[in-house]
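What follows is calculated from the coordinates using simple rules that are stated; it is not laboratory data. Predicted model, so just to flag it, every value in this text is computed and none were measured. Counting neighbours? That spans all protein chains shown, and the Cβs are built from the backbone with ideal geometry, glycine included.
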Amino acid sequence: MRKKKKHFRRNKWNILWGIIVLIAWFTAIKFDFIMNARLDQKSHLNILKISALFAGFLYTSLGIMVGMLEKQRIEKLNRAGYMDNYFNAIYISIGAHIIAILLSVINIMSKSGLIPLFSLIEQLALVAGIIFFAKSVWNVRRIIEKVRADQYKS
C-alpha cells in the first residue's frame, strides 16, 4: 500500500494533466473540434505525420533525460523515484502518439469503412499526445535548469 501512495504522490502532476486531457476531449467533442465521422485518407495521413513528428521529438527528449541521469543531483532524484513523473509524461505522450499512428495507418490502408470510433480515438490520442508533449517539454526545461544551477554552484 505504501508504494502506491508514493507512486500517486510522485505522479500527481501526470494525473492532473490526465484530467486536463479528459476535459479537452469532452470540450473538443462537445464543440465539434473533433469529427465523429470517418475522416478522409488525407486527414489520416496528416495525423500520421503530426504524430510521428511529435513522437520523434519525444524520443529526443527521452535521450536528453537519460543523458542527464549521470549528473549527481539528477541521479539522486532518480534513485529517490522523483524522476518517474518526468519520464512517465514522456511515456504517456509517446504511447498516445503511437496509438494515433497505428490507427492512422489502419484507416489509410482500409478500403472498407471502419468503425467511426477508430477515427475518434485516433484524434483523441493526438490531442492527448500533444497535451502531454507540452508537459514533457516543460519537464525537460525544469531538469535543464536544475543541471545548469548545479554547474554554476561548482
In whole µm²/s, the translational diffusion coefficient that Stokes-Einstein assigns to the chain, given a Kirkwood hydrodynamic radius over C-alpha pairs, 4 °C and 1.567 mPa s, equals 76 µm²/s
Where does the charge balance sit around Asp150 when Lys and Arg score +1, Asp and Glu -1, over other residues with C-beta under 15 Å from its C-beta? +4
What ranking do 146-152, 132-138 get when scored by the average of other Cβ atoms within 10 Å per residue, highest first? 132-138, 146-152
Quarter of Cα convex hull surface for the range 90-154, i.e. mean projection, nm²: 4.8 nm²
Treating only the Cβ atoms of Lys and Arg (+1) and Asp and Glu (-1) as charged, compute the dipole magnitude of the range 45-97 about its Cα centre; round to the nearest 20 debye. 80 debye
What is the dipole size for the range 13-154, taken about its Cα centre, with +1 at each Lys and Arg Cβ and -1 at each Asp and Glu Cβ, in debye to the nearest 20? 320 debye
Lys pairs in the chain, Cα-Cα under 23 Å, at least 8 apart or on separate chains: how many? 23
The chain: calculated mean residue ellipticity at 222 nm from DSSP helix runs of at least 4, using -39500 (n - 2.57): -29000 deg cm²/dmol
Please list the helices of the chain that count as membrane-span-like by this rule: a mean Kyte-Doolittle hydropathy of at least -0.5 together with Cα atoms stretching 30 Å or more along the helix axis, each helix being a complete DSSP H run. 41-68, 84-109, 116-153
Dipole magnitude (debye, nearest 20) for the range 72-154, charges at Cβ of Lys, Arg, Asp, Glu: 380 debye
If you take the charge dipole of the chain about its Cα centre, with +1 on Lys and Arg Cβ and -1 on Asp and Glu Cβ, which of Ser136, Tyr59, Met83 is farthest toward its positive end? Met83
